1. Return the pair list, or none, for Cβ contacts closer than 7 Å from residues in segment 250-275 that are at negative phi to residues that are exposed (fewer than 13 other Cβ atoms within 10 Å of the Cβ), at least 6 apart or on different chains.
2. Evaluate segment 62-74: report whether one residue or more is hydroxyl-bearing (Ser, Thr, Tyr) and either touching a residue at least 60 places away in the same chain (Cβ under 8 Å) or surrounded by fewer than 16 Cβ atoms within 10 Å (Cβ to Cβ) (or both).
3. Name the pairs whose Cβ atoms lie under 9 Å apart, with the first residue in segment 167-183 and under 19 Å from His21 (Cβ atoms), the second assigned to a helix (DSSP H, G or I) and aromatic (Phe, Trp, Tyr), and 6 or more positions between them or separate chains?
4. List the number of the failed condition for Leu221; all other conditions in (1) free of Cβ contacts under 8 Å to residues at least 60 places away in the same chain; (2) more than 25 Å from Gln54 (Cβ to Cβ); (3) in contact with a helix residue (DSSP H, G or I) (Cβ under 7 Å, 6 or more places away or on another chain) hold.
5. Sort out which residues of segment 217-243 are crowded, with 23+ Cβ neighbours inside 10 Å and either touching a Gly at 6+ places or on another chain (Cβ under 6 Å) or in the same structural domain as Tyr95 (by TED's automatic domain parsing) (or both), and write them in order of number.
6. Checking the condition aliphatic (A, V, I, L, M) and within 13 Å of Asp29 (Cα to Cα), which residue from Ile72, Ile97 passes?
7. Of everything in segment 19-61 that's of a type in the set (Ser, Thr, Tyr), touching a helix residue (DSSP H, G or I) at 6+ places or on another chain (Cβ under 8 Å) and without any contact (Cβ under 8 Å) to a residue 40 or more places away in the chain, which residue is farthest from Asn144 (Cα to Cα)?
8. In segment 21-50, which residue that is of a type in the set (A, V, I, L, M, F, W, C) and assigned to a helix (DSSP H, G or I) is nearest to Gly8 (Cα to Cα)?
Amino acid sequence: MSVSIKIGVIGAGTMGNGIAHVFSLYGNDIILVDMNDEIINSALSTIHKNMERQYRKDVITEERMEKSYNNIIGTTNLEKLSDCHLVIEAVKEDYKIKSDLFQKLDRICNQNTILASNTSSISINDLAKNISRSDKFIGMHFMNPVPVMKLVEIIKGDNTSKETLHSIKELTKSIDKISVECNDSPGFVSNRILMPMINEAAFCYMEGVAEVDAIDSIMKLGMGHPMGPLKLADLIGIDVCVYIMNVLYEGFKDEKYKVCPLLEKMVSKNQLGKKTKEGFYKYEF
């Protein structure tokens, strides 16, 4: 596969701007799409700041930083994605929003465009069922923060072709990431294991087993985790954690995936973690 290809990224939030950032560093032309110019400009500013941080740490040269940043074009127009080799969706973790978006992309993009979802839990088969190119549909679940984390969880749908899988694995390798593939199942591997841990940590706090700091410290110091589960929940977003737990619960019909009431209470109070400045911890920006 050519090193330099045209890639669309839809959703300019934390995951989307991280994905755009990484692909641009490896010479790809990026079209970053979101609903309005304010979101896009904020994302471009974040990307530039993150690239400058890499430059200051001697991860990249100044020339590479500027060239990579200039590889990214922001737009609100989905039609600009028509000739992309690959389009990666990184919007809100909501089935209807994603499904509607892929149906639009199916009409807009040329017949060779591969469509990928950065979903962390939603069935790839379900997202692919209303489009005409299920053989060119795949899951690419990047980890946060994208510029730092090496893993891309590759999720195959029942109809994902060998050619599509090979193409995406080679592309992942070309941006110095490691692809690990799995089959379609609620939560895939990463969140099927991670989210129940976060949920159980919330139960531990709710039931007075230990304080937030203690729970996180025990998991960091005793289990070698780089970040405690409650701190991680704040980073991911409490609302996202609840959504994924509900996907697991609905998918498996198993009580062990029932959402901790404390997490639901936090969502109702808009205590969503870092993005609202309050979750299990409080944040100042």
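The values are calculated or read from the model by the stated rules, or taken from the named source; none is laboratory data. No experiment lies behind these values; they were computed from the predicted model shown. All Cβ positions, even for glycine, are placed from backbone atoms using ideal geometry, and neighbour counts span all protein chains on display.
1. Lys274/Tyr283
2. no
3. Between residues of segment 167-183 that are under 19 Å from His21 (Cβ atoms) and residues that are assigned to a helix (DSSP H, G or I) and aromatic (Phe, Trp, Tyr), the close pairs are Leu171/Phe23; Ile175/Phe23.
4. Answer for Leu221: the failing condition is (3).
5. Within segment 217-243, Asp234, Ile238 qualify.
6. Ile72
7. Checking each candidate, the answer is Thr61.
8. Phe23
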